[in-house]
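*Asks:* Let me give you the structure first, and then I'll get to my questions.
The values are calculated or read from the model by the stated rules, or taken from the named source; none is laboratory data. The structure presented is a predicted model; accordingly, all values stated were derived computationally and were not measured. When we count neighbours, we look across all protein chains shown, and the Cβ atoms used for this are built from the backbone with ideal geometry, even at glycine. The accessibility values were calculated without ligands, DNA or RNA, using every heavy atom of the protein model including side chains. Shrake-Rupley method; radii C 1.70, N 1.55, O 1.52, S 1.80 Å.
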Amino acid sequence: MATLEIRDLHVSVDTENGPKEILKGVDLTIKDGETHAIMGPNGSGKSTLAYSIAGHPKYTVTSGSVTLDGVDVLAMSVDERARAGLFLAMQYPVEVPGVSVANFLRTAKTAIEGQAPKLRTWIKDVNAAMEKVAMDTTMAQRNVNEGFSGGEKKRHEIVQLELLNPKVAVLDETDSGLDIDALKIVSEGVNRFREQGDRGVLLITHYTRILRYIKPDFVHVFVDGKIAEQGGPELAEQLEAEGYDKYVRAAV
Amino acid sequence: MTVTEAPNVARAVETSDKVASHLHPTPSYDLADHPVPTGREEIWRFTPIKRLGGILEGEASDAHLTWETDLPEGVTLRQITAEEARALGESLPADRPSALAVANAGGAMLLDVPAELELDTPVVVRLRGSSADDLVWGHLVVRVGNHAKVAVVLEHAGSARYAASTSFLVGDGAQVSAVTIQDWDDDAVHLGRDAIRVGRDAAVRHSAISFGGLVRLNTEVVYDGPGGEAELLGLYFADAGQHLEHRLFVDHNAPRTRSNVDYKGALQGEDAHAVWVGDVLIRKVAEGIETYESNRNLVLTDGCRADSVPNLEIETGEIEGAGHASTTGRFDDQQLFYLQSRGIEEDEARRLVVHGFFADIIKKIGVPALEERLMATVEAELEKNVGARPGAGA
């Protein structure tokens, strides 16, 4: 079981003109087995929410709380959060020159588990995870994300999701820039993760397209740093038809 | 990052034997041609002259480094006179320290690799100084015969005030990997000069690896015929208060020659100073050549300084390609965040990133026996930083 609880979260970033508040009081509870979609226009703060949960140093939490099974996440370092069971699939996965995918995955798995995985089964697991997302297994010898296409980077994120198997996965616009085949592959990966039954997913997206493949239990509309509306999957359909206009206007 | 592509025009400078570059005084054995620098000269302006322990004054000394060698079968090492070294065709000294070294060393050591000898194990020369009180003049000639294939590793350790001229005379069609490792104690001063003559169709890879001591190393390449290739690699790690200076000069004086310069360094700690000056001269005769030089610095802490000066002097536009790149960057926080977000602790993440930064250079050095050791040394250097950082590992 795992519950990620976000209470009245306020987050700001430093700008040339001083700190600017991006998140203005976010409340959200993700229980185990639940998939929540967060949808919103550009600049509404969706990615800030993702990065704040993961602990990116650029974002300062000014008030509120984030807890995972009652434990204070905000007091943890970035790596501690990952070891506690949080995972962030990034919109723009970072290239790490000179570090092979194989080395990266093994180092991450070792860190998460507290011990090195057994070599033989591990190689099998890595190859299987890569094959499931139609990644050539020779890519394990390439440097992390270096020279990967946009789609390959996203599939590599799903490989990590599969291998590290966190309690709660935050997917930040994992669907952006994917063609329909890649979108299906990535969605299937997320669905395999969900099928374990006790995993939480926070799916951040700008488009409704991915929600045809990953059925959310709850949909939240994110506008101007907070949740403006919430509902079930039907809310996504409504957004598909009407867009964000009425929420954006209401927020101004 | 700045990437400069050579313009496809020739500059109207006619040169023959004389080096036109202001960065490179006319080579000469005559000490009068290499006056004691004040520090304001272009070629000395980055060097902390006051910290050179009086080497530039050129006092006589018969102190030596201790030599320990691994000489595979067929390779010989013997003493020759300075005149004999000159007759072998070594490049003339291009600055005061190398001119002093040749003048004061009282003869040279000749490391001789006969023609067509192909070796699987490297020639290793371990040079060790016992004290920074010792002033040592060194003069070494490495001669590699035609079509020979060899790796030569020169390791410097311990302490000394050391000025040396090392010549690599590489025969036609030979393949040479030369590695010079400067892993001195902190109080050592090393003013070195590696002058490489690349034979027709020969391929030379020279790797300068500097971890410790005050080091100023000139690497010079000149071609004895067309078709020669020089790959000049460098790896350095400057700590607090340390000065590591690498100067390169590739003289494309023959057609269809190639050069590739790739130096990478990390800096950490207050007043860590790295200097890289890369100069490539493409003479009028050097048609169809290709050259690229790159220097990348990774700044790990505040208080460091990296000077990086690429320079290209072009006298013919009839070339395949010429360019350079120089970057000096802070540690990439995005990389760190990405690795940490996968559960990897900050120290380990830093190690991975620095590892990754140096990994391609270490692989390119092409002496497998060294790879692991160099990575270990990089890790040990990094440890100083990671260990010293307040709150590390918390």
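*Asks:* For B:Ile80, list long-range residues whose amide hydrogen, built 1.01 Å from N in the peptide plane, is under 5 Å from its own amide hydrogen.
*Replies:* Correct list: B:Ala108, B:Met109, B:Leu110.
*Asks:* A further question on this structure: Could you compute the FRET efficiency for B:Ser130 and A:Ala241, with r as their C-beta to C-beta distance and R0 at 60 Å, rounded to 0.05?
*Replies:* Using R0 = 60 Å, I get an efficiency of 0.10.
*Asks:* Using alpha-carbon pairs under 8 Å, 6+ residues apart, how would you state the relative contact order of chain B in percent?
*Replies:* So the answer I get is 12 percent.
*Asks:* At 7 Å along Cα-to-Cβ for each site, give me the label-to-label distance between B:Glu320 and A:Ala75 in nm.
*Replies:* Reported label-point gap for B:Glu320 and A:Ala75 is 6.3 nm.
*Asks:* Calculate the dipole size of chain B relative to its Cα centre from +1 charges on Lys and Arg beta carbons and -1 charges on Asp and Glu beta carbons; express the result in debye to the nearest 20.
*Replies:* 360 debye
*Asks:* Under a 5 Å amide H to amide H cut-off, with H placed in plane at 1.01 Å, what residues pair with B:Arg296 once short-range neighbours are removed?
*Replies:* Counting only residues 5 or more places away or on other chains, the set is B:Tyr263, B:Lys264, B:Gly265, B:Thr327.
*Asks:* Across peptide A:107-114, how many C-beta atoms of other chains are within 10 Å of each residue C-beta, on average?
*Replies:* 4
*Asks:* Taking Cα pairs under 8 Å and at least six residues apart, what relative contact order does the stretch A:3-251 come out at, in percent?
*Replies:* Contact order relative to length: 27 percent.
*Asks:* Oh, and also: Report relative contact order for the stretch B:30-182 in percent, whole number only (criteria: Cα-Cα under 8 Å, sequence separation at least 6).
*Replies:* Relative contact order of the stretch B:30-182: 24 percent.
*Asks:* Oh, and also: I want to check the label-to-label distance for A:Asp198 and A:Thr60. Put each point 7 Å from Cα in the C-beta direction and report it in nm to one decimal.
*Replies:* Result for the modelled spin labels: 4.0 nm.
*Asks:* Let me ask another. Students often get this wrong, so check it: of A:Lys124/A:Lys167; A:Lys154/B:Lys264; B:Lys149/B:Lys284; A:Lys109/A:Lys153; B:Lys284/B:Lys364; B:Lys363/B:Lys384, which have C-alpha atoms separated by over 27 Å?
*Replies:* Beyond 27 Å: A:Lys154/B:Lys264; B:Lys149/B:Lys284; B:Lys284/B:Lys364.
*Asks:* Follow-up. Exposed loop chymotrypsin sites (Phe, Trp or Tyr not before Pro) only (DSSP loop, at most 16 other Cβ atoms within 10 Å): please give the longest stretch of chain A free of them, not including the sites.
*Replies:* A:1-206
*Asks:* In addition: Using only the alpha-carbon atoms of chain B, report the extent along each of the three principal axes, biggest first, to the nearest angstrom.
*Replies:* Per principal axis, max minus min of the Cα coordinates gives 62, 51, 46 Å.
*Asks:* Identify the GluC sites (Glu not before Pro) of the stretch A:115-217 meeting these criteria: DSSP loop state and at most 10 other C-beta atoms within 10 Å of the C-beta.
*Replies:* The qualifying sites are A:Glu195.
*Asks:* When chain B is treated as a GNM, springs tying every alpha-carbon pair under 10 Å, which of B:Ala163, B:Ala32, B:Ala195 comes out with the largest mean-square fluctuation?
*Replies:* Greatest mean-square fluctuation among the candidates belongs to B:Ala32.
*Asks:* Below 17 Å, Cα to Cα, which lysines can A:Lys246 reach? Residues fewer than 8 away in the same chain don't count.
*Replies:* Counting by Cα, and skipping residues close in sequence, A:Lys246 has these lysines nearby: A:Lys226.
*Asks:* Of the residues A:Lys20, A:Lys118, A:Lys154, which exhibits the maximal mean-square fluctuation in a Gaussian network model of chain A defined by a 10 Å Cα contact cut-off?
*Replies:* A:Lys118
*Asks:* Over the stretch A:1-148, with the other protein chains present, what is the accessible area per residue in square angstrom, probe 1.4 angstrom?
*Replies:* 45 Å²
*Asks:* Right, next: For peptide A:80-88, compute the average count of partner chain beta-carbon atoms within 10 Å of each residue's beta-carbon.
*Replies:* Across the residues of A:80-88, the mean count of other-chain Cβ atoms within 10 Å is 3.
*Asks:* Nearest 0.05, what FRET efficiency do B:Ser61 and B:Asp333 give at R0 = 60 Å with Cβ-Cβ as r?
*Replies:* The pair B:Ser61/B:Asp333 has a calculated efficiency of 0.75.
*Asks:* Turning to a different aspect of this structure: Let me know the mean shielding of B:248-260 by other chains, meaning the per-residue number of their Cβ atoms within 10 Å of its Cβ.
*Replies:* 0
*Asks:* Then there's this: Test of understanding: what is the full-extension gain from B:Glu118 to B:Asp185, defined as 0.36 nm times their sequence separation minus their Cα-Cα distance?
*Replies:* 20.7 nm
*Asks:* Also: Report the FRET efficiency, 1/(1 + (r/R0)^6), for B:Glu371 and A:Lys20, where r is their Cβ-Cβ distance and R0 is 56 Å, rounded to 0.05.
*Replies:* 0.70
*Asks:* When the Kirkwood hydrodynamic radius is evaluated over all pairs of different C-alpha atoms of the stretch A:200-252, what value in angstrom, to one decimal, is obtained?
*Replies:* 11.5 Å
*Asks:* Along the Cα→Cβ direction, 7 angstrom out, place labels at B:Asp33 and B:Thr69. What is the inter-label distance in nm?
*Replies:* Here the modelled spin labels are 2.9 nm apart.
*Asks:* Here is a follow-up. Of the candidates A:Asp217, A:Asp175, A:Asp136, which one comes out as most mobile in a Gaussian network treatment of chain A with C-alpha springs shorter than 10 Å?
*Replies:* The residue that fluctuates most here is A:Asp136.
*Asks:* Mind listing the phi-derived Karplus ³J(HN,Hα) values for the stretch B:147-162, rounded to whole Hz, using 6.51, -1.76 and 1.60 with θ = phi - 60°, and x for any glycine or proline?
*Replies:* Listing the rounded values in order: 6, 7, 9, 7, 10, 10, 10, 10, 10, 10, 8, x, 9, 5, 9, 10 Hz.
*Asks:* Summed for both chains, how many Å² of accessible area, to the nearest 100, are buried between B and A with a 1.4 Å probe?
*Replies:* Interface between B and A: roughly 1900 Å².
*Asks:* Right, another one. May I ask which residue of B:Met109, B:Val124, B:Thr301 lies farthest towards the positive end of the charge dipole of the stretch B:2-331, with charges of +1 (Lys, Arg) and -1 (Asp, Glu) on Cβ and the Cα centre as origin?
*Replies:* Of B:Met109, B:Val124, B:Thr301, it is B:Thr301.
*Asks:* Please give the calculated 222 nm ellipticity per residue for chain B, where each DSSP H segment of at least 4 residues contributes -39500 (n - 2.57) and the sum is spread over every residue; nearest 500 deg cm²/dmol?
*Replies:* Helix-only estimate at 222 nm: -5000 deg cm²/dmol.
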